[in-house]
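Asker: Take a look at the following structure, please.
The values are calculated or read from the model by the stated rules, or taken from the named source; none is laboratory data. Since this is a predicted model, take the numbers as computed values, not measurements. All Cβ positions, even for glycine, are placed from backbone atoms using ideal geometry, and neighbour counts span all protein chains on display. Just the protein is used for accessible areas: all its heavy atoms, side chains included, with ligands, DNA and RNA removed. Shrake-Rupley method; radii C 1.70, N 1.55, O 1.52, S 1.80 Å.
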Amino acid sequence: MSCLGAAFVAGLGTGKEQVTLELPKESPVDMDTITLDPDEEDVDLVHCRIGKIEGLEVLRKAKTISLRQNLIKCIENLDSLVSLRELDLYDNQIRKLENLQALTELEQLDVSFNLLRKIEGLECLTKITKLFLLHNKIMSIASLDQLTSLQMLELGSNRIRVIENLDSLTSLESLFLGTNKISQLQNLDGLHSLTVLSIQSNRITKLEGLQNLVSLRELYLSHNGIEVIEGLENNKKLTTLDIAANRIKKIENISHLTELKEFWMNDNQIDNWADLDELKNAKGLETVYLERNPLQKDPQYRRKIMLALPNVRQIDATFIRF
């Protein structure tokens, strides 16, 4: 089942004058107008202009419910959905995580693009493996202690300043904290299962605090203020290293990263061709981004990269032709 709402804006006029015709703002619909199938396991209620969660008691067999892009302000009336595995509330107007305690079988929850200010009310969701809280107004990482089955945590585009309170998440494999206000890499020591760490577009100036992340395979730190490549001695399983758009002047301290396949170093201050020797031990290296470094001014830019790193198949956005 699905439904679609629509809005219309028309602009008329020429020269300096313009007349804008705009239809009234979307108003919520009554759930009574929506037909629900009691036997449906995957329920799709995307963009239905739903203003209140109600009348879902008939969906006792539902495994997944998508309520994306509605006008919902409050999480409520879900107590009967005890078999639910996935709940999607992306792009609504929700201000608080609440009334989820009955959903003890829930494995995936998405409340991204809402108006949340804090993480709360998740203590009973002990089977949850994926939690998406992207693009809210969350100030701090908290109240996740009971979510020991969590494998993926997405907290990008919030207002978080400190990495904290993650010690109990020993099953966590992917952590996304991009576009926050984080200034230090810290409190990650307990995340022994972590394979993907993304902290792009923050305020980090030093590469540190990663020594216990021995399983890490992908590290994304672009658009920060890092000046030196360091602190990666124990991250020998890295296959992707993204430190583009920082303030780095030298490629160093990564010759031990022999499993590296992608190396993103564009938009830095690299000016010495000898630095590429740091990458020669990575025999499987396929992609290198070095554009918008002083090196790129060399007329032989691509040729010199190919000679230094003969296994590379892609330089910047362009594949190499053989």
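Asker: Among 202, 229, 268, whose Cα projects farthest towards the positive end of the dipole of segment 190-322, with charges put on the beta-carbon of Lys, Arg (+1) and Asp, Glu (-1)?
Answerer: Positive-most Cα among the choices belongs to 268.
Asker: Output the relative contact order of segment 82-205, whole-number percent, from Cα pairs under 8 angstrom with separation of 6+ residues.
Answerer: Details: 355 pairs, mean separation 21.6, N = 124.
After rounding, I find 17 percent.
Asker: While we're on this one: Give, to the nearest whole percent, the P(r) tail of segment 72-169 beyond 18 angstrom, counting all Cα pairs. Mind showing how you got there, number by number?
Answerer: Details: 1908 of 4753 pairs.
Tail of the P(r) past 18 Å holds 40 percent of the pairs.
Asker: Still on this structure, please answer the following. Calculate I(q)/I(0) for the chain by the Debye formula, one identical point scatterer on each C-alpha and no solvent, and give its log10 at q = 0.16 Å⁻¹ to two decimals.
Answerer: Ignoring solvent entirely, the Cα scatterers give -1.16.
Asker: Continuing with the same structure: Give me a comma-separated list of calculated 3J(HN,Hα) values for segment 276-282, in order, Karplus coefficients 6.51, -1.76, 1.60 applied at θ = phi - 60°, integers in Hz, x for any Gly or Pro.
Answerer: Result, ordered by residue: 5, 4, 4, 9, 5, 7, 8 Hz.
Asker: Here is a follow-up. Please give the Cα centre distance for segment 123-138 versus segment 38-99, rounded to the nearest Å.
Answerer: If we compute the Cα centre of each part, the gap is 15 Å.
Asker: Using mean Cβ contacts within 10 Å as the protection proxy, how do 200-207, 184-191, 304-311 order, highest first?
Answerer: Descending packing order for the listed peptides: 200-207, 184-191, 304-311.
Asker: If you project the alpha carbons of segment 179-258 onto their three principal axes, what span does each projection cover, largest first, in Å?
Answerer: Rounded to whole Å, the extents work out to 26, 26, 16 Å.
Asker: Can you tell me the relative contact order of segment 81-139? Whole percent, Cα pairs under 8 Å, sequence separation 6 or more. If you can, show how the numbers build up before the last one.
Answerer: Details: 130 pairs, mean separation 21.5, N = 59.
Normalised by residue count, the contact order of segment 81-139 is 36 percent.
Asker: Compute the relative contact order of the chain as a whole-number percentage, counting only Cα pairs closer than 8 Å that sit 6 or more residues apart in sequence. Display every interim value, and only then the final one.
Answerer: On the way: 897 pairs, mean separation 22.1, N = 322.
Relative contact order of the chain: 7 percent.
Asker: Tell me, rounded to the nearest percent, the portion of alpha carbon pairs in segment 160-213 spaced more than 12 Å apart.
Answerer: Percentage above 12 Å: 63.
Asker: Please report the carbon-and-sulfur percent of the accessible area for the chain; probe 1.4 Å, protein heavy atoms only, DNA, RNA and ligands left out.
Answerer: Details: 7440 of 16160 Å².
Ligands and nucleic acids excluded, carbon and sulfur reach 46 percent.
Asker: Another question about this same structure. Among DSSP beta bridges whose residues both lie in the chain, state the antiparallel percentage, nearest 5. Mind dumping the intermediate values first?
Answerer: Values: 6 of 42 bridges.
If we restrict to bridges inside the chain, about 15 percent are antiparallel.
Asker: Here's something else I'd like to know. Ignoring solvent entirely, what values of log10 I(q)/I(0) come out of the Debye formula for segment 105-223 at 0.10, 0.11, 0.17, 0.20 Å⁻¹ when each Cα is a single scatterer?
Answerer: Values returned for q = 0.10, 0.11, 0.17, 0.20 Å⁻¹ are -0.26, -0.31, -0.79, -1.12.
Asker: Tabulate in residue order the Karplus-calculated ³J(HN,Hα) for segment 203-216, using 6.51 cos²θ - 1.76 cosθ + 1.60 with θ = phi - 60°, rounded to whole Hz; enter x for Gly and Pro.
Answerer: Listing the rounded values in order: 10, 6, 10, 9, 7, 7, x, 10, 4, 8, 8, 6, 9, 4 Hz.
Asker: So what are the radius of gyration and Dmax for the Cα set of segment 144-184, in Å?
Answerer: Taking only Cα atoms of segment 144-184, I get Rg and Dmax of 10.4, 28 Å.
Asker: Let me ask something else. On average, how much area does the Cα convex hull of segment 213-273 cover when viewed from any direction, in nm²?
Answerer: Numbers: hull surface 15.3 nm².
Average projection, Cα convex hull of segment 213-273: 3.8 nm².
Asker: When the scattering of segment 232-322 is computed by the Debye formula from its Cα atoms alone, each counted once and equally, what is log10 I(q)/I(0) at q = 0.19 Å⁻¹?
Answerer: The Debye formula, applied to the Cα set alone, gives -0.83.
Asker: Now a separate question. Where the centre of each part is set by its Cα atoms, how far does segment 275-322 sit from segment 239-266, in angstrom?
Answerer: Each part reduced to its Cα centre gives a spacing of 12 Å.
Asker: Work out how much length residue 181 to residue 142 would gain on full extension: take 0.36 nm times their residue separation and subtract the Cα-Cα distance, in nm to one decimal.
Answerer: On the way: separation 39, 0.36 × 39 = 14.04 nm, distance 1.60 nm.
Result: 12.4 nm gained on full extension.
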